1. What is the sum of charges around Arg180, taking Lys and Arg as +1, Asp and Glu as -1, for the other residues whose C-beta is under 11 Å from the C-beta of Arg180?
2. Per residue, how much accessible area does segment 7-76 have with a 1.4 Å probe, in Å²?
3. With charges only on Cβ, +1 for K and R and -1 for D and E, what is the dipole size of the chain about its Cα centre, in debye, rounded to 20?
4. What order do you get for 167-175, 13-21, 64-72 when each peptide is scored by the mean count of other beta carbon atoms within 10 Å, highest first?
5. Under the rule of -39500 (n - 2.57) per DSSP H run of 4 or more residues, summed and divided by the residues of the chain, what mean residue ellipticity at 222 nm is obtained, to the nearest 500 deg cm²/dmol?
6. State the answer as a single residue: which of Ser134, Asn26, Asn52 lies farthest towards the positive end of the charge dipole of the chain, with beta carbon charges of +1 for Lys and Arg and -1 for Asp and Glu, about the Cα centre.
7. Round to a whole number: what % of the accessible area of the chain belongs to carbon and sulfur, probe 1.4 Å?
8. Just tell me which lysines come within less than 26 Å, Cα to Cα, of Lys77; anything on the same chain fewer than 8 places away is out.
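The values are calculated or read from the model by the stated rules, or taken from the named source; none is laboratory data. A quick note: this is a predicted structure, and the numbers were derived from the prediction, not measured. Glycine gets a Cβ as well: all are built from the backbone with ideal geometry, and neighbour counts include every protein chain shown. Accessible surface is based on the protein model in full, side chains and every heavy atom, while ligands, DNA and RNA are left aside. Shrake-Rupley method; radii C 1.70, N 1.55, O 1.52, S 1.80 Å.
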Amino acid sequence: MGPIERLAQLATPLLNIPMIRRVRRNHGLEHATIHLLAQRKRGLKMAGRSDNRGFYLYGGDLTTAEVETAVTDALAKMRGGQHDLAIHPNCGTNLLTTGTLATLAAMAGLAGAEDNAEKRLERFPTILLMVIGSLIIAPGLGMAFQRHFTTLGDPGELTVEEIRRSDVQSPFGGSMVVHRVDTANG
């Protein structure tokens, strides 16, 4: 058992608080839905955001029927044991993990350099190697955080209540399709 799994075991009471468990299940279903939509619609550009009542899908210019089919299929596949659909390489968890590790590497490399520009410049190669190292390990670490903390591949009794589409005006011009997927019993 790795350190992330051990940490998740320690955090189990927190991760199983009903509201947190619902967010994790919704997050997993959001990812599974995006996986299926991406398989069905080549070049799909979409983002999602989950909460304890469901999730949003941003972009994709999809019909509500397409989203409904993907959500239903994703839920069935997850119930059938395809729990890895809950993990997605483009998840914000991975972005946060990468940013955090790169920032910590840079800060560690600059520790003690104070306000001395020459010392900071001398450390550039070391800091660069430290940041590159963090970028190499971050994807695997981010996926592990998803698997054990931010998503849940087992949907349990999760049900889909309603799916709504809206076209939201962008402050930069144009509009974006947004689907809201409401869930219950997670």
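1. Numbers: positive: Arg49, Arg53, Arg164, Arg165; negative: Asp51, Glu161, Glu162, Asp182.
Around Arg180, the surrounding residues sum to 0.
2. Spelled out: the 1.4 Å probe surface of segment 7-76, per residue, equals 52 Å².
3. Working: 20 positive and 18 negative charges, 40 e Å.
The calculation lands at about 200 debye.
4. Numbers: 167-175: 8.1, 13-21: 11.9, 64-72: 17.4.
By packing density, highest mean first, the sequence is 64-72, 13-21, 167-175.
5. Working: 7 runs with 98 residues, N = 186.
After summing the helix terms and dividing by the residues of the chain, the value is -17000 deg cm²/dmol.
6. Asn26
7. Carbon and sulfur atoms account for 60 percent of the accessible area of the chain.
8. Lys41, Lys45
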